[in-house]
Every structure is written in structure tokens, then in C-alpha cells.
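Colleague: Let me give you the structure first, and then I'll get to my questions.
Every number here is computed from the coordinates shown, using simple stated rules; none is lab data. No experiment lies behind these values; they were computed from the predicted model shown. Backbone-built Cβ (ideal geometry, glycine too); neighbour counts: all protein chains shown.
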Amino acid sequence: MVEKFPTEQQVADALYECSGDIFNMVDVLRFLNNNDLNKDNAIRFICYLIGLKIMPVERPNWIPTILKIGNYYNSVISRYFEDCFNEPLFAVKEEAAKNIEKVVHEKFEWCMGFGYQLKIEPFYIKDAELRVKRMFAVYTLEVPNFEYLPEYSLFAYASYLISLLFAIKAGLHPYFAEAVGYRIFLALVKINKHNRQLLEMKYTEDHFNKFDDLFTYFAKDTKKKMEEAKIDYHRLIWHWENTLYTDEHMPINLLLIWDHMFFHVDEFQFFMRFLHVSHLRQMEKAGINFASKESMESMPWNAVELMKDCDDIMEQDVGRVKFNYWTLCPCYNLCPSLRKFKRF
């Protein structure tokens, strides 16, 4: 039986009940920039929709936007899955179906861990694998030149589960989380694709050069140790950037890091350079043996301290660059490295 998106009244009631004190962009940015591991996840869902430019910040536009997302997803489901709603991979080509089946199933344990950490009852998680497979089937059928990358399965699970947290609090059916989660998933894939496109352009060299400058200035000893251990730190940070740190952090830490990523979504690469440096500095502080893969993979990350350190080095860099050649650039202080850090 094909499920249906909530009614306009149900969506309106849910948004009214769960939106907290989010009334403008300042409220969104204040929420995202707060270093609290125990934020309200329903409000986080709304801030992600706004931060990722899926939904306008103006409240009168929220309901029409959500309904438009639902209408689109309903139409796609009706078009492709009328006869195979509970077996969505029947609607895609065999090779794609096998790939989706394999990787989505492999990451279901990660999904269960996410649910456990965020205190989602197992009842709500039991069909998450099916829903994420259906999201991938929609993506395969709707997106030209479909390309599947391993990190996409975690993007999809995280997108669905963030939406599910809102749906549970608002008393909405999980199908709502699937439909809106699909839209969040597309936004994360877009960020990933943009990064990979940059890899093919000269910009990547510039990106790494600016990272090297920060790494040398703020973590010179760490850089030296990694070079002595023959660690390709460019490759490491590129992996972090493309996976949005999904492989490194447990879910509760990951969401805090994503909060800050989406806070800086308009200056994403600029922010990521500082975030990478703060990760490498924390590895050094924890006494990680860079010559040992096991030691690096078992790093006990502290997301709150990471973000505090990231904020600190961003502010220190504002003062540092006043004395380098960038100040001679005829850009009237609009270069990213001279831009004031957002404070609210």
C-alpha cells in the first residue's frame, strides 16, 4: 500500500508545535553556532532546511515549501513504485539495485547506532533500511547520469533520521521523514559533488595551499610528525571533506559538526580548512601515533572541544592575516580570510 504525505493542516500544526524560537536568520545561525550536544533535534531539522537553502527563512513560506516537497515525492512514488512500494529496487536496473542493496544494508548498523544515541525507539527504526533504499531508488530514477558513492548511504540515513526525529516529535508518519529526508540527502550530495568537481579544477591546488598555510601556522609540530610518518594529509582531509566526517564521528558529535558546517555553508571550503586543522590539532593533543593506522582510526574525538578550537583559530587568523600580503589585495577587505567571523 502506497503511503501519503501529511495534510496541509498536519504540516502546519507540526511546524507550529516544533519550531521553537526560530523566526529569522539570526535565530537559525544562533542555534547552529551553539556548541551544545543536546540541542532540540526538531528545531535542528528546521534549521537544516533553512541553512541548506531547502526552505526559506520566512515562516509564511514554510508550509508551502514542505507541501511542495511532499507533492513531488508523492508524484514520484506514484510514477515508479505503485506496484513495488515495499520492493523499490525492483524499479531500478539490476546492477544499481545490487549496489544499493549491499551498501544500504551494510550501513544499517550505523543507523541503529544513530537511533540508540539519539534515543529513537527501535519501533521507528525497523523500516529505515527499506525507506533509505526507496530514497536511493528515487535518486537513481530521477537524477540524470546517476553516480553512486559509498558515502551517500550515510548521507541518506542521516538525512532520514534527522527528519524522523522531527516527525516523531510532531506525531507525523515516517513517510514525512522519508520525503523531506530525500530533499536533505540531495543537498548533501550536491555539496559532495561540488567538492569533487573542484578536484578537477585549479581551485583544488589553491585550497590545499591555503590549508597548508593554516596547518603550518597553527599546528607546525603536527604537520612535521605526519610528514615523518609519511601520512598524505591532503588525501586525509579530502576524505573528511567529501564524506562530511561521517566516517570519523559518532552521530551525536557528527550533528554538532554539521551544525557548524551549515552555519558556514556560504563559505564552505574556507570553513573546512579550519575544521580540518582543528581535527589534526586534537589528534596531536590526544597523543595519536601517526605511524599507526589503528591509533589514528581509534581517535576519541571531542566535538565540543573541536568546535571551540576551530572558532579560536578562525579568530586568531583574522588578526594574523592583517600582516600578510592579502591586506594589499584591492578587494576592500572582502577576501574570505579577512571576513569577520559571524558572532551572535
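Colleague: Sequence neighbours fewer than 8 away in the same chain don't count; with that in mind, list the aspartates and glutamates whose C-alpha is under 16 Å from residue 220.
Modeller: Result set, ordered by chain and number: 212, 228, 232, 284, 309, 317.
Colleague: Listing 224, 230 from the residue with the fewest other Cβ atoms within 10 Å to the one with the most, what is the order? Mind showing how you got there, number by number?
Modeller: On the way: 224 11, 230 8.
If I rank by nearby Cβ atoms, fewest first, I get 230, 224.
Colleague: Turning to a different aspect of this structure: How large is the charge dipole for the range 150-224, taken about the Cα centre, if only the Cβ atoms of Lys, Arg (+1) and Asp, Glu (-1) carry charge, to the nearest 20 debye? Don't jump to the answer; show the numbers that get you there.
Modeller: Numbers: 10 positive and 8 negative charges, 23 e Å.
I would put it at about 120 debye.
Colleague: Testing the spin-label approximation: label points 7 Å from Cα along Cα→Cβ at residue 74 and residue 227. State their distance in nm.
Modeller: A separation of 6.1 nm, rounded to one decimal place.
Colleague: Still on this structure, I have one more. For residue 53, list the aspartates and glutamates whose Cα falls under 17 Å from its own Cα; do not include residues on the same chain fewer than 8 positions away.
Modeller: 27, 259, 266, 267
Colleague: Evaluate the charge dipole of the chain about its Cα centre and quote only its size in Debye, nearest 20, assuming +1 on the Cβ of each Lys and Arg and -1 on the Cβ of each Asp and Glu.
Modeller: 680 debye
Colleague: What distance in nm separates the two pseudo spin-label positions at residue 291 and residue 38, each 7 Å out from Cα along the beta-carbon direction?
Modeller: Output for this residue pair reads 4.3 nm.
Colleague: Which of 60, 300, 174 moves most in a GNM of the chain, Cα contacts under 10 Å?
Modeller: 60
Colleague: Let me ask something else about it. Please tell me which of these pairs span more than 29 angstrom C-alpha to C-alpha: 39/225; 68/210; 93/126; 102/308; 107/210; 68/190?
Modeller: Values: 39/225 37 Å; 68/210 41 Å; 93/126 26 Å; 102/308 38 Å; 107/210 34 Å; 68/190 20 Å.
39/225; 68/210; 102/308; 107/210, as the Cα separations exceed 29 Å there.
Colleague: To the nearest 20 debye, what is the magnitude of the charge dipole of the range 8-195 about its Cα centre, counting +1 on the Cβ of each Lys and Arg and -1 on the Cβ of each Asp and Glu?
Modeller: Details: 20 positive and 23 negative charges, 76 e Å.
Approximately 360 debye in magnitude.
Colleague: Would you kindly state how much longer the chain becomes between residue 210 and residue 302 on full extension, computed as 0.36 nm times their sequence separation minus their alpha carbon distance, in nm to one decimal? Let's see the in-between values first.
Modeller: Details: separation 92, 0.36 × 92 = 33.12 nm, distance 2.51 nm.
Fully extending the segment from residue 210 to residue 302 adds 30.6 nm.
Colleague: Over the range 183-313, what is the relative contact order in percent, taking alpha-carbon pairs closer than 8 angstrom and at least six residues apart? Before the final figure, lay out each step's value.
Modeller: Numbers: 85 pairs, mean separation 37.4, N = 131.
With pairs under 8 Å counted, the relative contact order is 29 percent.
Colleague: Suppose R0 equals 35 Å. What FRET efficiency, 1/(1 + (r/R0)^6) with r the Cβ-Cβ distance, do residue 267 and residue 109 give to the nearest 0.05? Working shown, then result.
Modeller: Details: r = 35 Å, r/R0 = 0.99.
With R0 = 35 Å, the Cβ-Cβ based efficiency is 0.50.
Colleague: Stretched out fully, how many nm does the piece from residue 23 to residue 149 gain, at 0.36 nm a residue minus the Cα gap?
Modeller: Gain on stretching residue 23 to residue 149: 41.7 nm.
Colleague: Could you tell me which residue out of 231, 91, 316 lies farthest along the dipole of the chain toward its positive end? Charges go on the beta carbon: Lys and Arg +1, Asp and Glu -1, centred on the Cα centre.
Modeller: Looking along the dipole axis, the top candidate is 316.
Colleague: Order the peptides 145-156, 160-171 from the highest to the lowest mean number of other Cβ atoms within 10 Å of their residues.
Modeller: Working: 145-156: 17.5, 160-171: 22.5.
The packing order, highest mean first, is 160-171, 145-156.
Colleague: How long, wide and thick is the chain, going by the Cα atoms along their three principal axes, in whole angstroms, largest first?
Modeller: 63, 43, 37
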